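Each reported figure results from applying straightforward, stated rules to the coordinates on display, with no laboratory input. Quick caveat: nothing in here was measured; it's all calculated off a predicted structure. Using ideal geometry, Cβ is built from the backbone for each residue, glycine included, and neighbour counts are taken over all protein chains shown.
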Amino acid sequence: MTYQHGASVNEVPTSVLPPVKTSAGLPVVFGTAPINLAETQDNVNKPVLVYTYQEAVKALGYSDDWESFTLCEFMKSHFRLFKIAPVVFVNVLDPETDKNTVTDSVIPLTNKVAKITQQGVLLNTLVVKLDSAGQPLTKGTDYTASFDDSGNVIITALTGGAIPGGQANLTVTYDHLDPSDVTSADIIGGVDGTTGKATGLELINQVFPLFRLVPGQILAPGWSHNPAVAAVMKAKAGNINGLFKAIAVTDADSSAADLYTDVPSWKNTNNYTDSLQVVCWPKVPLGEEIYHLSTQFAGVTCKTDAENDDIPFVSPSNKSLQATGAVNGAEEEVSLGPDQANYLNGEGIVTALNHIGGWKLWGNRTAAYPGNTDVKDSFIPVRRMFNWIGNTIILTYWQYVDNPTNKRLIDTVVDSLNIWLNGLTARGALLGGRVEFRQEENPVSELLNGKVRFHVYLTPPVPAEDMEFTLEFDVNYLSTLFAA
């Protein structure tokens, strides 16, 4: 030991730990993107974290053809309508395989400019000739090629190049994206047994290792009405990285269930009944654009969380949508009164209601309701609070895994958690909460095996879903007629 003479200090770890922050409603969205319009074409079956609309367009491209490129709907809604970030996108459309070839197509050349109106053109495959028998022209010397704002390819003849002034047509050959090649199997994905490469929904497990953000919502607008896709979404929601939980936000099929009375039967028949699942119906238009309700559910939810310091104790129900109506799969107007909307809510379906204050998201219940009435599984905000608190505990106390099981460890966990839970209670996010280290839950045999159990009690507030006021004529007030 070094000889000591004088005064010295040392430090010990803080016995009370601040909780690790999580993004409660972080959306992870699966679908297809116009990757040909992106800065690179590498973002295929790869989680992409973006914080702005510009970042999303740069990474994945953008098109108004939402039926073909389903991720673009979410980009527009989340960043432009709700102004919320971040989002993790996963594009499964692969330009190497999901494509078609157009050979020797003749396009008119006017004032040295020609246009290819086919969407999804892969510029690196473009070959331009004067005619089908001619030699390929040289890009940058004979012409330039770029996309306009509508995704068309604009070919411009360069002065001094090989395109003569009187040329009337050009002949082009190119590959273009074919979104119709993408199927529900691509969204579901899997793991290659040889390479170990994950695709589709299997990539949910890469989000936290890549970005240190825990998924809060799993979405696939345009695909989640497929029962096979929804089944995998809800399975993944309950077991992210073997540790975390999220909710799967899904849509009922607005084409198969175009009347509100058809939706509950469709929901039950197709097993949309999980406590970690939300079912949305119908679609909502804004001007000429039509959004899946799941897309706007995510926007409303994230905006509500943001207004409450990223604590998901407030229900997204009765919060404003960015919508001017409601439509079914045939784009026919759906008009729901409170009684009809409440009928859907009573079947575990979130809907849209225009009653007081404009168009609102309407519904507090998870897909498990009414089959499961356990409050932690049937109310969306309560379920999300259990997810969020569980995820936060894992992130905060992971650093203590493998530490000695002694009194200091127990006291640190209990004291820190109780302080945090008391703080949540003080701000109204919980009605109460506590953690206990109970002897009856920690038998000697388990402690000897390194198993330590803490019991966390918590009571998130349930939504005031049914407010009832009783009116009574009080005859005693008649006496005021005779007051001096």
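Placing +1 on the Cβ of each Lys and Arg and -1 on the Cβ of each Asp and Glu in the chain, which of Tyr400, Val50, Tyr174 has its Cα farthest towards the positive end of the resulting dipole?
The listed residue farthest towards the positive side: Tyr400.
Can you sort Trp420, Trp281 by how many other beta carbons sit within 10 Å, fewest first?
Trp420, Trp281
Find how many whole Å separate the alpha carbon centroid of segment 120-178 from the alpha carbon centroid of segment 266-309.
Centre-to-centre (Cα) distance: 43 Å.
What lysines could a cross-link reach from Lys283, if we take a straight Cα to Cα line under 25 Å and drop same-chain neighbours fewer than 8 places away?
Lys76, Lys83, Lys234, Lys236, Lys267, Lys303, Lys319, Lys360
At most 16 other C-beta atoms within 10 Å and a DSSP loop state: those are the exposed trypsin sites (Lys or Arg not before Pro) I care about. Give me the longest piece of the chain that has none.
Working: sites that count: Lys21, Lys83, Lys112, Lys197, Arg212, Arg427, Arg438, Lys451, Arg453.
Of all site-free stretches, the longest is 213-426.
Across segment 185-202, in residue order, what do the Karplus-derived ³J(HN,Hα) couplings come to in whole Hz, using 6.51 cos²θ - 1.76 cosθ + 1.60 with θ = phi - 60° and x for Gly and Pro?
Working through the residues one at a time gives 5, 6, 5, 5, x, x, 10, 5, x, 8, 8, x, 6, 9, 9, x, 4, 4 Hz.
Dipole of the chain, Cα-centred, from +1 at each Lys and Arg C-beta and -1 at each Asp and Glu C-beta, to the nearest 20 debye?
1380 debye
Express the relative contact order of the chain as a whole percentage, based on alpha carbon pairs under 8 Å and six or more residues apart in sequence.
RCO, the chain: 14 percent.
Please give the residues of segment 147-188, grouped as numeric ranges, whose backbone N is less than 19 Å from a label point set 7 Å along the Cα-to-Cβ vector of Ala228.
In segment 147-188, the label zone of Ala228 (backbone N under 19 Å from the point 7 Å along Cα→Cβ) covers 179-188.
Taking H placed 1.01 Å from N in the peptide plane, check which residues at least 5 places from Phe379 or on another chain put their amide H under 5 Å from its amide H.
The answer is Thr366.
At 222 nm, what helix-only mean residue ellipticity would the chain give, in deg cm²/dmol to the nearest 500, using -39500 (n - 2.57) for each DSSP H run of four or more?
It lands at -6500 deg cm²/dmol.
Could you derive backbone 3J(HN,Hα) for segment 170-184 from the dihedral phi with the Karplus parameters 6.51, -1.76 and 1.60 (θ = phi - 60°), listing whole Hz in sequence and x where the residue is Gly or Pro?
Using θ = phi - 60°, the values come out as 10, 10, 10, 10, 6, 9, 9, 4, 10, x, 5, 6, 7, 10, 4 Hz.
Taking the highest mean first, how do the peptides 187-195, 390-398, 474-482, 23-31 order by number of other beta carbon atoms within 10 angstrom per residue?
Output ranking for 187-195, 390-398, 474-482, 23-31: 23-31, 390-398, 187-195, 474-482.
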